[in-house]
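The values are calculated or read from the model by the stated rules, or taken from the named source; none is laboratory data. Nothing here was measured: the structure is a model prediction, and the numbers come from that model. No Cβ is skipped: glycine too gets one built from the backbone with ideal geometry, and neighbour counts run over all protein chains shown. Just so you know, the surface numbers come from the protein's heavy atoms only, side chains and all, with ligands and any DNA or RNA stripped out. Shrake-Rupley method; radii C 1.70, N 1.55, O 1.52, S 1.80 Å.
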Amino acid sequence: RRFAQLFGYGEAYSVFCHADLPAHELLQRRATTPDGATEWRDSPLLLAARRGGVALLDGIHRLPRGTFAGAVGPLCVERSLLSLPDGSRLVSAAQWEALLAAGLTEGELAAKGVQRVHPAFRIVATAEPPAGEGEGEAAAAAAGWLSDELLPLFAWVSLSPPEEAELLQMLQMHTCPPKALPPLRALLRYRAAVLSASSAEPSLR
């Protein structure tokens, strides 16, 4: 969200990724209308693409292997999606201008279900580092989500885990009252203990 503010984006659209998230729900999902019918509704990712916002994808490492690259890869690379679950299409800004230059009007394109990906649209994704080390099939399986399909889709930035003092400083920046510091320090110590235990016992992750 801070990135969005610094670059003048009015709104950030958050998507929490989990292991049971179907590929189509990264784009659209079925929802019930007040009269009991169902319809396709845009996900936060798709709303960002249409409106020119920043989509924040939290935890893409949790998605099943291939889900993100298959569903969102064209949107990252080509800035377009040829087909959405509701039958509509998203095209890049260049493709949109080419269609207009060919004589089609915006109204005609809208009637055909064709819309433009906003040129200002951006995706910021977070993920935990792969757990696997070494070589061989076991290490490849442990690496899991970080596949050859996914690597070209982003400019990757590696961040070291924050120390307890850094976390405390970040929390204090959000108007943390002094009386809350002792319980915050206790929570941070508990967090460190949980992380240490989960690194030693994979079933706790």
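Residues of the range 70-105 being open to solvent by less than 70 Å² (accessible area, probe 1.4 Å) and of a type in the set (A, V, I, L, M), which ones?
Hits for the range 70-105 are ALA71, VAL72, LEU75, LEU81, LEU84, LEU90, VAL91, ALA93, ALA98, LEU99, LEU100, LEU104.
Only residues that are in contact (Cβ under 8 Å) with a residue 60 or more places away in the chain and either aliphatic (A, V, I, L, M) or assigned to a helix (DSSP H, G or I) (or both): list them for the range 73-85, please.
Across the range 73-85, the qualifying residues are GLY73, CYS76, VAL77.
For the range 5-21, name all the residues that are surrounded by 13 or more Cβ atoms within 10 Å (Cβ to Cβ) and within 14 Å of the chain's Cα centre (by Cα).
ALA12, TYR13, SER14, VAL15, CYS17, LEU21
Does ALA139 fit the bill of being modelled with pLDDT under 80, surrounded by 11 or more Cβ atoms within 10 Å (Cβ to Cβ) and not in a loop (DSSP other than H, G, I, E, B)?
Working: modelled with pLDDT under 80: yes; surrounded by 11 or more Cβ atoms within 10 Å (Cβ to Cβ): yes; not in a loop (DSSP other than H, G, I, E, B): yes.
Yes; evaluated as a whole, the condition is true for this residue.
Taking the conditions exactly as written (within 27 Å of the chain's Cα centre (by Cα) and open to solvent by less than 50 Å² (accessible area, probe 1.4 Å)), does LEU109 satisfy them or not?
Against the criterion (within 27 Å of the chain's Cα centre (by Cα) and open to solvent by less than 50 Å² (accessible area, probe 1.4 Å)), LEU109 does not qualify.
Can you name the residue in the range 40-69 that is free of Cβ contacts under 8 Å to residues at least 40 places away in the same chain and not aliphatic (A, V, I, L, M) and is also surrounded by the fewest Cβ atoms within 10 Å (Cβ to Cβ) among such residues?
Within the range 40-69, the match that is surrounded by the fewest Cβ atoms within 10 Å (Cβ to Cβ) is ARG41.
If you scan the range 1-22, which residues turn out to be hydrophobic (A, V, I, L, M, F, W, C) and either at pLDDT below 90 or part of a loop (DSSP other than H, G, I, E, B) (or both)?
Passing the criteria: PHE3, ALA4, LEU6, PHE7, ALA12, CYS17, ALA19, LEU21.
The rows are residues; the columns are (1) at pLDDT below 90; (2) over 21 Å from the mean Cα position of the chain (by Cα).
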position: TRP40; (1), (2): no, no
position: ASP58; (1), (2): no, no
position: ARG62; (1), (2): yes, no
position: THR67; (1), (2): yes, no
position: ALA71; (1), (2): yes, no
position: SER80; (1), (2): yes, no
position: SER88; (1), (2): no, yes
position: SER92; (1), (2): no, no
position: LEU100; (1), (2): no, yes
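Of the conditions (1) open to solvent by 80 Å² or more (accessible area, probe 1.4 Å); (2) touching a strand residue (DSSP E or B) at 6+ places or on another chain (Cβ under 9 Å), VAL114 satisfies every one except a single condition; which number is it?
(1)
How many of the residues in the range 23-39 are part of a loop (DSSP other than H, G, I, E, B) and either in contact (Cβ under 8 Å) with a residue 24 or more places away in the chain or surrounded by 10 or more Cβ atoms within 10 Å (Cβ to Cβ) (or both)?
Within the range 23-39, residues that are part of a loop (DSSP other than H, G, I, E, B) and either in contact (Cβ under 8 Å) with a residue 24 or more places away in the chain or surrounded by 10 or more Cβ atoms within 10 Å (Cβ to Cβ) (or both) number 1.
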